[in-house]
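Below is one structure, written out as structure tokens; comments come after it.
Readers should treat all values here as calculations from the given coordinates under stated rules, not as data from a laboratory. Note that this is a predicted model, so its numbers are computed, not measured. Quick reminder, even Gly has a Cβ in these numbers, built from the backbone with ideal geometry, and neighbours come from all protein chains shown.
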Amino acid sequence: MSLYKTDAVVLKTHNLSEADRIFILFSPLYGRIDAVARGIRKPSSKFGGTLEIFSHVYLMLSEGKNLAVITQAELCNSHYSLREDLRRLACASYFIEIVTDSILPGQENIELFSLVLSGLSLLEYHDNLDLILRYTEIHFLKSLGVNPILERCLRCGNLFTSSYVKFFTTLGGAFCEKCIFPQGKEYFTVSLKTLNFLHSLLKVLPGDLEKISFSTGINNESRCLLRSLIICNLGKDIKSLKMLDSFMEAL
């Protein structure tokens, strides 16, 4: 069996037997990896607590017929506190779910992997979780190559000048007040302030997020718009949203 090494983030786990456990991993170079860790459930396992969900790890794996086999694991960052705070856990679970549903085996995506690492760290320590969720959502779409067009009309290409525009999720953009928009397609009426906020999130560095201010109304519009775009591109509902909303509404 050939061996290979890679960074990875642990996305999901489930037990295979009394001793073994299966892991869904995300590697920047190899995309989704389904792997098994033999004997990990035994008290004497060499893996210890290395392979917990959300953990950033450095692995050695061997190729298997159906599953890769984890032979060595080194912990880089456990993101332990995400599992100790229910609100942060809900946010991280939502983020990891959409990442899991978007990656494929053998599909390199270094940009998305970097976002996962920075997103988990931000969710672990930043106080404004709504801001971090909007940041990770818009950059998630960008990493998939489907970031929305936020500044210009889809038809004429001119900059928006009116206070509100009609944003079409399936088209990934909006039409200005002068252009005829498609009939029969679902759209959101979104303020120009919301589009400017989302555009600023695409430009800002993670360390400068605290400089961005936004209202409750802008956050609500952004949340609805970004979720709709993500669901449209994933082609499926997001199971963790109910739990996420219940904890965020309790803030």
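The table below lists the values:
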| quantity | calculated |
| --- | --- |
| Sorted by Cβ neighbour density within 10 Å, fewest at the top, the residues Tyr125, Tyr164 | Tyr125, Tyr164 |
| R0 of 30 Å, Cβ-Cβ distance Cys156-Ile238: FRET efficiency to nearest 0.05 | 0.35 |
| Acute angle (nearest 10 degrees) that the helix 86-100 long axis makes with the longest principal axis of the chain, alpha-carbon atoms | 90 degrees |
| Separation of the Tyr164 and Thr13 label points, Cα + 7 Å toward Cβ, nm | 4.9 nm |
| Cα gyration tensor category, rounded, prolate or oblate, for the chain with a/c compared to 1.5 | prolate |
| Computed FRET value (nearest 0.05) for His199 with Tyr125, which takes r as the C-beta separation and R₀ as 22 Å | 0.30 |
